[in-house]
Amino acid sequence: MKVAVVILNWNGKDLLEQFLPSVLKNSPGANIYVADNASTDDSVEYVKLNFPQVRIIQNNLNAGYAGGYNLALKSVEEEIQVLLNSDVEVTPNWLDPILHVFEEEPETAAIQPKILDYKSRDHFEYAGAAGGYIDKYGYPFCRGRIFQHLEEDHGQYNNDQYIFWASGACLAVRRSTYNELGGLDEDFFAHQEEIDLCWRLQNKGYKIKYVSNSRIYHVGGATLQNMNPKKTFFNFRNSLFLLLKNVEAPKVYYILLIRMILDGLAGIKFLFEGRFNHFFAILQAHGSFYSHFRRIWNKRPKDFIFKKYYVIHSVVYSHYVLKKNKFSQF
């Protein structure tokens, strides 16, 4: 199968210098692309000079993760497209298990590998770990990661598994199905657009899978720091977008009401912790959600297929009240 590894870049010369060699070394047979989101550093020139075998796609603006990939992938013709973060170290033969699943399972549209922490290599990494899920109220979590709690990898998730969402840090997807759905939703800009894509794929009858024999190491937070209020804004707003867009009516109204209450509690927690910027980020997220309500509502599919989207009612309650820190405890 023809495969393209597409790395989205924005002012990431240092990351490309550090991680691009592992991608080139460990991805034989794949075409490697750097899709540049209108960088203002010299990262494009650096790649051209030092890695002439890498194909450059230059976007004319910084369109975020969603828009950046939508623009770039118009120039990529390979059927299997791997959307890979620039802060990822890949390992030998990482693509082989992914391609094998695509060849054997035509109904599988998107795949993620095992994602481990580059800085703490025996632990799962926040952005995907061993496969993603969401609870009834739209809070994402993973096998191997519940909120900020990261499990040590001792083989407990060494089984391939159908999951709800695959991580945007390393998202392998069929070009045909990606284009069938119109790609990533650019209203999300960044964060959780991969969850929306995976949800829409399942509404079309496709499957999402975690492949344990493929392993990568992700730095995480390299583009937008984990505790940056802007990330808080995107995570809270886009999670509401996700629910409004994909939960069937009339259930969606009740789910959103409960979610608003939980977001309010999170905001109060930020206040007590003295993290005022994050409190205001939640207020801004809700304001943006209200202003985009009709636009997102009009994107809802006419037919919902994937009714049961959650494996647990409230990961918030299970984690913060019942003190459950592992996916296996649910």
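The values are calculated or read from the model by the stated rules, or taken from the named source; none is laboratory data. Predicted, not measured: the structure shown is a model, and the values here were computed from it. Cβ atoms come from the backbone with ideal geometry, glycine included; neighbour counts cover every protein chain shown.
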- [ ] Would you check which residues across the stretch 115-133 are touching a residue at least 60 places away in the same chain (Cβ under 8 Å), under 14 Å from Gly220 (Cα atoms) and touching a Lys or Arg at 6+ places or on another chain (Cβ under 7 Å) and list them?
- [x] Leu116, Tyr126
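Name the residues in the stretch 52-68 that are surrounded by 18 or more Cβ atoms within 10 Å (Cβ to Cβ) and either outside any helix (DSSP H, G or I) or in contact with a helix residue (DSSP H, G or I) (Cβ under 9 Å, 6 or more places away or on another chain) (or both), would you?
Going residue by residue through the stretch 52-68, those that are surrounded by 18 or more Cβ atoms within 10 Å (Cβ to Cβ) are 54, 57, 59, 63-68.
Residues satisfying the conditions are Val54, Ile57, Asn59, Ala63, Gly64, Tyr65, Ala66.
Could you list, in sequence order, all residues of the stretch 179-198 that are buried (at least 22 other Cβ atoms within 10 Å of the Cβ) and over 12 Å from the mean Cα position of the chain (by Cα)? Step through it out loud before you land on a result.
Here is the first cut: in the stretch 179-198, the ones buried (at least 22 other Cβ atoms within 10 Å of the Cβ) are 184-185, 188, 191-198.
Of everything in the stretch 179-198, just one residue is buried (at least 22 other Cβ atoms within 10 Å of the Cβ) and over 12 Å from the mean Cα position of the chain (by Cα), namely Asp185.
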Task: Of all residues in the stretch 276-325 being in contact with a Ser or Thr (Cβ under 9 Å, 6 or more places away or on another chain) and in contact (Cβ under 8 Å) with a residue 60 or more places away in the chain, the one that is farthest from Tyr206 (Cα to Cα) - done: Lys324
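In the stretch 286-309, is there at least one residue being outside the structural domain of His149 (by TED's automatic domain parsing), in contact with a strand residue (DSSP E or B) (Cβ under 8 Å, 6 or more places away or on another chain) and over 18 Å from Lys230 (Cα atoms)?
yes
Identify, from the list Leu242, Leu257, the residue that is assigned to a helix (DSSP H, G or I) and surrounded by fewer than 16 Cβ atoms within 10 Å (Cβ to Cβ).
On the way: Leu242 fails: surrounded by fewer than 16 Cβ atoms within 10 Å (Cβ to Cβ).
Exactly one residue qualifies, and that residue is Leu257.
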- [ ] Mind listing just one residue for me: the one in the stretch 3-38 that is assigned to a loop (DSSP other than H, G, I, E, B) and crowded, with 16+ Cβ neighbours inside 10 Å and, of those, nearest to the chain's Cα centre (by Cα)?
- [x] Trp10
TODO: May I ask you to say which residue of Val101, Val88 is among the β-branched types (Val, Ile, Thr) and within 25 Å of Leu15 (Cβ to Cβ)?
DONE: Val88
TODO: Give me the pairs, please: first residue somewhere in the stretch 134-160 and under 16 Å from Tyr317 (Cα atoms), second residue anywhere and crowded, with 23+ Cβ neighbours inside 10 Å and among the aromatic types (Phe, Trp, Tyr), beta-carbon distance under 6 Å, and either six or more positions apart or on two chains.
DONE: Arg145/Phe124
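If we keep just the residues of the stretch 305-330 that are hydrophobic (A, V, I, L, M, F, W, C) and closer than 21 Å to Ile261 by Cβ, which is surrounded by the most Cβ atoms within 10 Å (Cβ to Cβ)? Lay out the reasoning, then the answer.
First, the residues of the stretch 305-330 that are hydrophobic (A, V, I, L, M, F, W, C): 305-306, 311-312, 315-316, 321-322, 327, 330.
Now narrow it down to the ones that are closer than 21 Å to Ile261 by Cβ: 312, 315-316, 321-322.
On the way: Ile312: 19, Val315: 23, Val316: 17, Val321: 9, Leu322: 11.
Of everything passing the filter in the stretch 305-330, Val315 is surrounded by the most Cβ atoms within 10 Å (Cβ to Cβ).
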Task: Filter result (modelled with pLDDT of 95 or more, touching a Gly at 6+ places or on another chain (Cβ under 6 Å) and either part of a loop (DSSP other than H, G, I, E, B) or among the acidic types (Asp, Glu) (or both)) within the stretch 165-198 - done: Ser167, Ala169, Glu186, Glu194
Task: Residues (crowded, with 21+ Cβ neighbours inside 10 Å and not β-branched (Val, Ile, Thr)) located in the stretch 97-116 - done: Phe102, Ala109, Ala110, Gln112, Pro113, Lys114, Leu116
